[in-house]
Amino acid sequence: MKIIRIALFVFGALLLVNAIILWSMINPTIGWYLQVAISLAIITYAALFNKIPRKLHFAALALSLIPLLFASFLAIYGNTSRVDHEEDAVIVLGAGVQGERVTRILAHRLNAALAYWEQNPDAYIVVTGGLGNRATITEAEAMARFLVERGIPQERILLEDQSTSTYENLLFADAILGEQFPQGYRAVVVSNDFHMYRAVRTARQAGLEVGHIGARTDWYTWPVNYIREMVAVVNAWLGNPLT
């Protein structure tokens, strides 16, 4: 039992340190605050471990399996791409921008779009996202600059720079592509693997049937991103406003 207690304390402490480090690297979200709360709860649980009844230990173990299975589902779905490289457009969902620089999480999405475009250079790339909290230009503009610097012709990039949520990303991108392809179009949506399930679900609610490509997520951001995403998915399942 002592080993379990130590392991729990170390795990909680690592989660807390990870959250503190991420504070300066990402735009804090509900996932970040929940990660801090969870890490403190684990540390407290470890400190009181010997005073907790055995039945409650089993209950805690059973409950901990739920988020682990949930996160596994999101990861498997997000890492199973569905494209045939004959689509008319790639819709890259916005994420964070700091100043004029895309964050790493957004860079991974853009790199996935680049890899797709190299196999289908006739496709348009729609970059989406308005002005964020820590940004001095819109997400769409920062994304377009990133792509142009890596060789994508400016004329193959379409900017959607008014949205403030995933739903608006997709809804406004659909309007832009509808003007570009009045006879209809096929598209693939790009987001990070943890976000892919909700992105596809949201696309369908916005009236789009899309393929999908899941971009990778840095391992050290798994906790904050998967915690946030599980909350967002449950929120969507409950029929709350789309984000």
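In the chain, the longest principal axis of the Cα atoms and the axis of helix 30-47 are about 20 degrees apart. Each of F9, A19, L106 was scored by the projection of its Cα onto the charge dipole of the chain, and the greatest displacement toward the positive side belongs to F9; charges sit on the C-beta of Lys, Arg, Asp and Glu.
Using the average count of surrounding beta-carbon atoms within 10 Å as a protection proxy, the listed peptides 173-182, 51-60, 105-114 rank, highest first, as 105-114, 173-182, 51-60. Footprinting exposure proxy ranking of S24, S81, fewest other C-beta atoms within 10 angstrom first, gives S24, S81. One equal scatterer on each Cα of region 1-135, no solvent, Debye formula: the resulting log10 I(q)/I(0) at q = 0.17, 0.20, 0.22 Å⁻¹ is -1.03, -1.21, -1.33. What you get for the chain, charging only the Cβ of Lys and Arg (+1) and of Asp and Glu (-1), is a dipole of about 1760 debye around the Cα centre.
Overall, the anisotropy analysis places region 2-78 in the oblate class: the square-rooted eigenvalues a ≥ b ≥ c of its C-alpha gyration tensor yield a/c not less than 1.5, with a/b not exceeding b/c.
Counting only DSSP beta bridges whose two residues both lie in region 89-237, roughly 10 percent are antiparallel. The reciprocal of the average 1/r between distinct C-alpha atoms defines the Kirkwood hydrodynamic radius, which for the chain equals 19.2 Å. Among L56, G184, L131, flag the residue with its Cα farthest along the positive direction of the charge dipole of the chain, charges on Cβ as +1 for Lys/Arg and -1 for Asp/Glu. Of the listed residues, the answer is L56.
Structural descriptor for region 182-243: relative contact order 34 percent, calculated from alpha carbon pairs under 8 angstrom and at least 6 residues apart.
Among the chymotrypsin sites (Phe, Trp or Tyr not before Pro) found in region 1-40, those both in a DSSP coil and sparsely packed, with 16 or fewer other Cβ atoms within 10 Å of their Cβ, are W23. For region 135-243, a Kirkwood radius taken over Cα pairs fed into Stokes-Einstein (20 °C, viscosity 1.002 mPa s) yields D = 140 µm²/s.
Each value in this text was obtained by applying a stated rule to the coordinates, not by laboratory testing. Computed from a predicted model, the values in this text were never measured in an experiment. Please note: Cβ atoms are built from the backbone with ideal geometry, for glycine as well, and neighbour counts cover all protein chains shown.
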